[in-house]
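Any read-out appearing in this document is the output of simple, stated calculations on the displayed coordinates, not a laboratory observation. As the structure is a prediction and not an experimental result, all values here were calculated from the model. Counting neighbours? That spans all protein chains shown, and the Cβs are built from the backbone with ideal geometry, glycine included.
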Amino acid sequence: MYTICMYSVYILLCADKTLYVGSTNNLKKRIHAHNHSKSGAHYTKIRRPVVFRYSEGNMTYAEARKREAEIKRLKKKDKLKLIASKL
C-alpha cells in the first residue's frame with residue numbers, strides 16, 4: 001500500500017508587489033524555502049521577502065498542476081480578486 005500525497009496551489013506576494021503562483025505537497029516547507037533557501041524558485045529568490053496570500057488544497061498532483069496553470073494565465077487583477085475572495 002502507498003500513501004497518497006495531497007497537493008496545494010498557492011499565491012505569494014513578493015517584495016516588489018508581483019505575485020508568484022506555485023504548487024506543492026508541503027505548503028509550510030515550500031514557503032520557508034522561498035524565503036530562506038537556495039532551493040526556492042529563482043523568481044522569488046530575487047524578490048524576497050515573500051508573503052503567503054492564498055491557497056487551494058486537497059488536490060492530486062495532476063489537479064494541482066492544472067489549477068496552477070489556470071491561475072498563472074489570469075491577469076493580476078483577477079489573481080487579486082481570487083485572493084480577496086478568501087479573506
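Could you give the semi-axes, largest first, of the ellipsoid that matches the chain, computed as the square roots of 5 times the alpha carbon gyration tensor eigenvalues and rounded to whole Å?
Details: eigenvalues 86, 60, 22 Å².
Working from the Cα gyration tensor, I get semi-axes of 21, 17, 10 Å.
State the extension gain, in nm to one decimal, for the chain segment bounded by Ser55 and His32, taking 0.36 nm per residue of separation less the distance between their alpha-carbons.
Roughly 6.8 nm would be gained on extension.
Which value in deg cm²/dmol, rounded to the nearest 500, describes the helix-derived mean residue ellipticity at 222 nm for the chain, given -39,500 (n - 2.57) per DSSP H run of n ≥ 4 and division by the residue count?
-12000 deg cm²/dmol
With +1 assigned to the C-beta of every Lys and Arg and -1 to the C-beta of every Asp and Glu, and no other charges, what is the dipole magnitude of the chain about the Cα centre in debye, to the nearest 20?
340
Counting other C-beta atoms within 10 Å, and keeping those with at most 14, which DSSP coil trypsin sites (Lys or Arg not before Pro) do you find in region 1-82?
Lys17, Lys38, Lys75
Enumerate the calculated ³J(HN,Hα) couplings along region 36-51 in order (Karplus 6.51 cos²θ - 1.76 cosθ + 1.60, θ = phi - 60°), each rounded to whole Hz, writing x wherever the residue is Gly or Pro.
Values per residue, Gly and Pro as x: 10, 9, 7, 8, x, 4, 4, 3, 7, 4, 9, 10, 6, x, 10, 10 Hz.
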